[in-house]
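See structure below.
What follows is calculated from the coordinates using simple rules that are stated; it is not laboratory data. Predicted model, so just to flag it, every value in this text is computed and none were measured. Please note: Cβ atoms are built from the backbone with ideal geometry, for glycine as well, and neighbour counts cover all protein chains shown.
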Amino acid sequence: MADDARPQKHSLTLKGHRTSVSLEEPFWRAFKQIAQQRGLPINVLAAEIDADRGVSTGLASAIRLFVLAHYQDQLTPR
């Protein structure tokens, strides 16, 4: 678990440009699972999140918040 707590850099391509994002391994795994569930390449989902985030929110934070919201939505009764 301690190794999972340290953010690791992961490469992404957004709009044809390479970038890296530092995420803890559990967030990275969850992010990849969500992309797979939606039938999207991870770069496409990252680009959608990037386009929707505010200018004051970093991409890594936006991905973490996206993952959190995804799982919170699953817990909310409908």
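Observations on the structure shown:
- Entry remark, the range 23-51: residues being in contact with a helix residue (DSSP H, G or I) (Cβ under 8 Å, 6 or more places away or on another chain) and surrounded by 15 or more Cβ atoms within 10 Å (Cβ to Cβ) number 13 in total.
- Of all residues in the range 60-78, those satisfying the criterion of being surrounded by 16 or more Cβ atoms within 10 Å (Cβ to Cβ) and in contact (Cβ under 8 Å) with a residue 24 or more places away in the chain are 60, 63, 64, 66, 67.
- When residues in the range 1-59 are screened for being charged (D, E, K, R) and either in contact (Cβ under 8 Å) with a residue 24 or more places away in the chain or under 22 Å from residue 73 (Cβ atoms) (or both), 9 of them pass.
- Residue 20 falls short on exactly one of the conditions (1) within 25 Å of residue 5 (Cβ to Cβ); (2) small (Gly, Ala, Ser); (3) assigned to a helix (DSSP H, G or I), and that condition is (3).
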